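Throughout, read-outs are computed from the coordinates displayed, never taken from laboratory work. Remember, predicted model here, so these are calculated numbers, not experimental data. Glycine also receives a Cβ, built like all others from the backbone with ideal geometry; neighbour counts cover every protein chain displayed.
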There are 2 protein chains.
Amino acid sequence: MNLPPAAIGAAVADIETPALVIDLDAFDRNIAKMAEFARAAGVRVRPHAKTHKCAAIARRQIAAGAVGQCVQKVGEAEVLAWGGVPDILISNEVMGGTKLARAAALARVGRIAICADNEAQIAAIEAAADQAGLRLSVLVEIDVGGGRCGVQPGPEAVALAQRIARSRHLVFGGLQAYQGRAQHLRTPEERHAAIAHASEGSRRTVEQLRQQGLDCPIVGGAGTGTFALESASGVYTEIQAGSYCFMDADYARNLDGAGAPVGTFRHALFVLASVMSMPRPGIAVVDAGLKALATDSGFPEIWGRPQLRYVGASDEHGKLECQAGDAPELGEKLRLVPGHCDPTVDRFDWYVGVRNGVVECLWPVAARGALN
Amino acid sequence: MNLPPAAIGAAVADIETPALVIDLDAFDRNIAKMAEFARAAGVRVRPHAKTHKCAAIARRQIAAGAVGQCVQKVGEAEVLAWGGVPDILISNEVMGGTKLARAAALARVGRIAICADNEAQIAAIEAAADQAGLRLSVLVEIDVGGGRCGVQPGPEAVALAQRIARSRHLVFGGLQAYQGRAQHLRTPEERHAAIAHASEGSRRTVEQLRQQGLDCPIVGGAGTGTFALESASGVYTEIQAGSYCFMDADYARNLDGAGAPVGTFRHALFVLASVMSMPRPGIAVVDAGLKALATDSGFPEIWGRPQLRYVGASDEHGKLECQAGDAPELGEKLRLVPGHCDPTVDRFDWYVGVRNGVVECLWPVAARGALN
């Protein structure tokens with residue numbers, strides 16, 4: 001782990017760059033807005049820790065009313081469980097090695113649930129639970145249009161749920177029904193149609209399960225782009241948004257509609273970068289490239305400087321085009337809004353929390369690189 | 001830092017996935033091939049540690065004849081210097097905070113050189129050297145066609161070199177003349193033309209410096225795609241290739257010519273991934289997505305399985321399309337060849353070195369995330 005790029009109490013001007021900076025006012029506001037939304041909508045919030053990878057942030061979300069956290073990897077669950085998070089859903093299939101034994105070990109210190117979309121996975125979870133001498137909660141993942149993991153809604157899902165419910169080492173935990181593809185559909189109409197389809201598949205599966213005497217304690221899904229729609233469906237019980245606490249340039253490109261208020265949230269996460277070279281007029285080079293910023297959803301935007309454009313990333317360099325009259329100075333620090341927050345966070349060891357221009361906190365990205 | 005994904009002596013089948021695996025036979029061969037090339041060509045090799053970020057690998061390269069290492073960041077230099085690397089070139093501009101003081105501190109334990117392309121940077125390096133009570137070596141970076149950092153070859157570079165040479169706290173170290181854009185030009189003819197241009201600018205600048213009584217101890221540049229061309233130019237004294245020890249899918253797409261033998265090297269770096277879901281015929285999902293693989297130079301290829309195609313990455317998932325008859329099995333481990341090795345390495349805490357199907361060594365990616 002690298003040293004933190006700043007000291008508590010330091011001025012923003014003294015933060016070493018590149019650094020991962022949280023605007024704490026915007027961050028606190030985002031968490032409060034989501035909590036407010038969930039109370040009004042009558043749904044539970046289980047934020048996704050794959051975004052932040054940090055027990056300190058998880059516990060702030062829980063203090064605001066979240067029921068627990070989602071993770072994608074057992075290593076993330078370990079960081080959160082030992083960091084004081086009592087209720088964790090691994091919203092993903094878990095295969096191979098010692099992963100299931102590690103997940104089962106965590107079930108001694110908190111509530112742990114795991115997803116499955118295959119009979120063989122369920123048998124493996126069952127064996128791990130038996131070995132650990134406890135019962136594990138298993139959700140069936142259904143493919144509600146994301147086209148990634150998950151069985152089809154309906155009879156295939158019901159068969160897996162029955163398999164889980166029959167096991168004396170397992171508990172049927174419900175349905176995992178996340179529509180990832182819908183999150184960045186740009187218009188409210190497109191997102192509405194995608195989540196209507198997802199909700200219909202979920203509802204149908206819930207009903208078929210009920211006919212077999214199986215209740216769904218959790219019907220989970222939804223991200224920052226669509227959570228209001230799942231909440232309004234009446235079938236989803238938990239929303240799993242992650243990015244809302246930080247936001248990113250990609251989510252900011254979503255257009256709002258009454259049912260999908262992504263604009264409720266403000267940019268709270270920035271990569272602070274310095275201009276390290278001004279090689280010729282019209283070009284500035286910053287010290288944050290591919291290793292400091294995820295570019296899979298586009299290059300970052302420059303906060304408050306719309307005439308500067310980030311036009312190229314190499315490993316350690318970012319090239320900016322400058323309009324005449326708006327060129328930055330050599331050494332100037334700029335706030336970059338990442339294209340995609342989750343993998344950008346995973347590039348850093350530390351969050352630098354800033355309020356009123358001063359470093360207020362340093363939080364470790366403790367589950368950084370927790371790939372297993 | 002996360003725990004290593006395997007134990008020494010374990011079988012490949014028991015490595016937790018995703019994991020960053022080195023095929024040690026191919027890796028050793030790549031290092032030997034480069035050393036052999038450099039001896040025959042009469043150039044020095046200073047491999048770029050921005051690729052591997054690991055003192056253990058740096059020291060193996062030096063044992064094979066490399067004169068030292070390049071890095072891009074002071075944090076990388078710190079890891080190498082304290083890891084026993086005696087000669088380090090920071091092949092990049094260094095701006096802001098305590099970075100120059102940290103670099104100067106390293107000059108007490110080894111040779112450290114830094115690049116500059118601006119008078120203000122030189123003044124800052126001079127102040128840091130003065131403060132530390134030692135002399136620092138500074139190279140002038142010239143833009144030989146890469147279009148990123150660097151002053152233009154010729155008088156502008158000479159003026160900066162004279163500024164360095166006049167300082168009693170600095171030593172003029174030579175020219176940094178890396179043509180990054182040329183590395184992935186696909187045909188030998190294109191690369192030849194780009195490096196002919198780079199060499200011409202370097203040669204002209206070296207001559208103008210000589211007329212002013214200034215020698216260039218280092219004229220450095222070249223990457224894995226072009227090193228034979230810079231070596232043959234007669235003007236470059238050091239080649240800075242990094243990727244050659246690992247290779248990646250992007251470099252493998254370069255076409256060979258007599259002057260640019262990128263095909264000398266073999267794929268030695270893989271992300272080992274497991275099939276975690278087989279949701280429907282023709283689709284498999286592996287446990288390595290954007291957080292385990294850099295996708296800026298394309299998706300990974302599947303080693304030895306040309307009928308499997310990696311077609312989509314999300315944060316923790318990779319989607320594969322399978323031809324009928326060549327579908328993998330649930331839980332099967334696959335070797336992915338990263339599109340771009342440098343930022344892929346930076347996703348992991350550990351290298352798992354494998355020979356004859358057994359884990360032989362675990363090396364820390366010690367400068368992982370050394371962004372400052």
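General remarks:
- Relative contact order, whole percent, for segment B:1-108 stands at 18, derived from Cα pairs under 8 Å and 6 or more residues apart.
- Taking a straight line from the alpha carbon of A:K50, these aspartates and glutamates sit under 16 Å away, with near neighbours fewer than eight places off in the same chain left out: A:E76, A:E78, A:D87, A:E93, A:D248, A:D342, A:D346, A:D349, B:D287, B:D315, B:E316.
- Net lengthening on full extension, A:A127/A:D215 (0.36 nm per residue, minus Cα-Cα): 29.3 nm
- A Cβ-based charge dipole, computed about the Cα centre of segment B:1-50 with Lys and Arg at +1 and Asp and Glu at -1, lands at about 520 debye.
- Pairwise FRET efficiency - B:R309 versus A:R266, Cβ, R0 = 30 Å, nearest 0.05: 0.15
- Pairwise FRET efficiency - A:V109 versus B:R108, Cβ, R0 = 60 Å, nearest 0.05: 0.80
- Here each label is just a point 7 Å from Cα along the line to Cβ, and for B:E119 and A:E207 those points are 7.8 nm apart.
- Electrostatic dipole magnitude of segment A:29-161 [Cβ: Lys, Arg +1; Asp, Glu -1; Cα centre; debye, to 20]: 840
- Put a plus charge on the Cβ of each Lys and Arg, a minus charge on the Cβ of each Asp and Glu, and nothing anywhere else: the dipole of segment A:25-256 about its Cα centre is then about 500 debye.
- For segment A:1-128: rounded, prolate or oblate by the Cα gyration tensor [a/c cutoff 1.5]: oblate
- Span-like helix ranges in chain B, DSSP H, alpha carbon extent 24 angstrom or more, Kyte mean at least -1.0: B:24-41
- Given A:K291/B:K333; B:K73/B:K291; A:K33/A:K53; A:K319/B:K99; B:K291/B:K319, the pairs whose alpha carbons are separated by over 25 Å: A:K291/B:K333
- Spin-label pair A:V358/A:R166, simplified geometry with 7 Å Cα→Cβ offset, distance in nm: 6.4
- Inter-label distance for A:A232 and B:A35, nm, one decimal - labels placed 7 Å from Cα along Cα-to-Cβ: 6.8
- Of all DSSP beta bridges confined to chain A, the antiparallel ones make up roughly 50%.
- Cα gyration tensor shape for segment B:65-189, rounded if a/c is under 1.5, else prolate or oblate: oblate
- Closest approach to the A/B rotation axis among chain A Cβ atoms, residue and whole-Å value: A:M1, 3
- Euclidean distance between Cα centres, segment A:215-250 to segment A:130-207, Å: 13
- Inter-copy label distances at A:E119, shortest first and taken from points set 7 Å along Cα to Cβ: 7.8 nm.
- When only Cα pairs below 8 angstrom with a gap of at least 6 residues are kept, chain A shows a relative contact order of 21 percent.
- Euclidean distance between Cα centres, segment B:348-365 to segment A:42-67, Å: 35
- Mean separation of Cα contacts under 8 Å, 6 or more apart, over the residue count of segment A:214-372: relative contact order %: 19
- Cα gyration tensor shape of segment B:24-254, rounded if a/c is under 1.5, else prolate or oblate by comparing a/b with b/c: oblate
- Charge dipole of chain A about the Cα centre (unit charges at C-beta), most positive-ward option of A:S314, A:T187, A:V286: A:T187
- Residue among A:A58, A:I22, A:V12 farthest towards the positive dipole end of segment A:1-60, charges placed on Cβ: A:A58
- Positive-pole candidate from B:M34, B:A120, B:Q162, dipole of segment B:24-254, charges at beta carbon: B:M34
- Report summary: the helix-based calculation at 222 nm, which adds -39500 (n - 2.57) for every DSSP H run with n ≥ 4 and divides by the residues of chain A, gives -9000 deg cm²/dmol.
- DSSP finds beta bridges in the protein assembly as shown, and of those with both partners inside it, around 50 percent are antiparallel.
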